[in-house]
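The values are calculated or read from the model by the stated rules, or taken from the named source; none is laboratory data. Everything quoted here is computed from the prediction, not taken from an experiment. Positions of Cβ are generated from backbone atoms using ideal geometry, with glycine treated the same way; all protein chains shown enter the neighbour counts. We work out accessible area using only protein heavy atoms, side chains counted, and drop any ligands, DNA or RNA first. Shrake-Rupley method; radii C 1.70, N 1.55, O 1.52, S 1.80 Å.
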Amino acid sequence: MERLDKLVSLNLNITRKEARSLIKSGCVSVNSKVEKSSDFKCDEDDKISVGGKELNSKKFVYIMMNKPSGVICASEDKNEKTVIDLLPDSMKRKGLFPAGRLDKDTTGFVLITDDGEFAHSVLSPSRHVEKTYIAKLDKPFDENIINEFENGVELSDEKLLPARLEAAGGDFTTAKIVIKQGIYHQIKRMFKKYGITVVKLNRTKMGNLSIDESLAPGEARYITDDELLLIK
Ligand code: URA
C-alpha cells in the first residue's frame, strides 16, 4: 500500500506538493474513478491514471535493460547519454538508478531500480549473486588461466573471489565468465593480467535470470515478480 500523492510524485517526477494539487484538481483517477484525496492508499493492482496516462502503482520497480555500447551506467550525466535517458517516458520515474556499473563499451543486462536495499543485496559480494558475461578475446585462454580464475586472481593488492571461466564458442577466444564481485573493469583487468585483451564484453545473466533476448539494444522491460526471485 502506498499513498496516492507519493506514487503520482514518483511517476511524474514532480514534488509531493505538486502531486497534491494535481490530485485536488481532479486530474487523477484510481480504477477509473476520480480520486481527490492525496492520502488515498493504493494497492499494487490499482490502476492509477493522470490525464489518461496510466501510472505504475508499485512501490518499487525493477527493470531489465539491454544496454547498448556507448551509454554509461549512471542516473544522470552532463555530457554522456545514460541508461536512464534511454528509458521510455512511460517507465521513467524519480529515484531510478542502475544497480551496478557496466563500462561504457560493455553491453547487455543492466538492472534499473529505485529499491536501494534490493540493489545493495544484488551487488554486495558477500551475497554471492553471480553475474555472467560473454567475452570476445584477442587471444585464446588456457587451462592455467581457468585455474587461476578459480583460485582468485590477484589484482594490484586485491585477491578476487573465485570466478568460473569456460569456453563459450568453438575455440578459446570466446569466454563465459561468472563473477560475484563488481570491481572497476574487473573482467578486462583479470584477462589483462595474462596478456589477453577483452575485445567485446556482454553481460547475459544476473543470478539465475537471463537477459530477455527479444530486447533490442537500448530496449527495456519490467522484471516480473517471479523473475525477480531468480536474481537473488
Ligand atoms: N568487467 C569489466 O571489465 N567491465 C564491465 O563492464 C563489467 C565487468
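Looking only at residues of region 177-204 that are at pLDDT 95 or above and open to solvent by 70 Å² or more (accessible area, probe 1.4 Å), we find that the one that is nearest to PRO125 (Cα to Cα) is ARG189. Annotation: ARG127 fulfils all but one of (1) of a type in the set (D, E, K, R); (2) touching a Ser or Thr at 6+ places or on another chain (Cβ under 8 Å); (3) away from the ligand (no atom under 16 Å from the Cβ); (4) closer than 30 Å to ASN11 by Cα; the unmet one is (4).
Selection over region 184-232 of residues that are part of a loop (DSSP other than H, G, I, E, B), within 19 Å of VAL71 (Cα to Cα) and either within 16 Å of the ligand (Cβ to nearest atom) or of a type in the set (Ser, Thr, Tyr) (or both) gives a count of 4. If the condition is being within 13 Å of the chain's Cα centre (by Cα) and either at negative phi or exposed (fewer than 14 other Cβ atoms within 10 Å of the Cβ) (or both), then region 213-226 contributes GLU219, ALA220, ARG221, TYR222, ILE223. Of all positions in region 84-95, none carries a residue that is closer than 22 Å to LYS188 by Cβ and either open to solvent by 20 Å² or more (accessible area, probe 1.4 Å) or modelled with pLDDT of 95 or more (or both). Cβ-Cβ distances below 6 Å connect the following pairs, each with a first residue in region 182-195 that is in contact (Cβ under 8 Å) with a residue 60 or more places away in the chain and of a type outside the set (Val, Ile, Thr), a second residue that is open to solvent by less than 40 Å² (accessible area, probe 1.4 Å) and within 9 Å of the ligand (Cβ to nearest atom), and a separation of six or more residues or different chains: GLY182/GLY100; LYS188/VAL198. For THR113, the test of being within 16 Å of the ligand (Cβ to nearest atom), among the β-branched types (Val, Ile, Thr) and buried (at least 16 other Cβ atoms within 10 Å of the Cβ) is failed.
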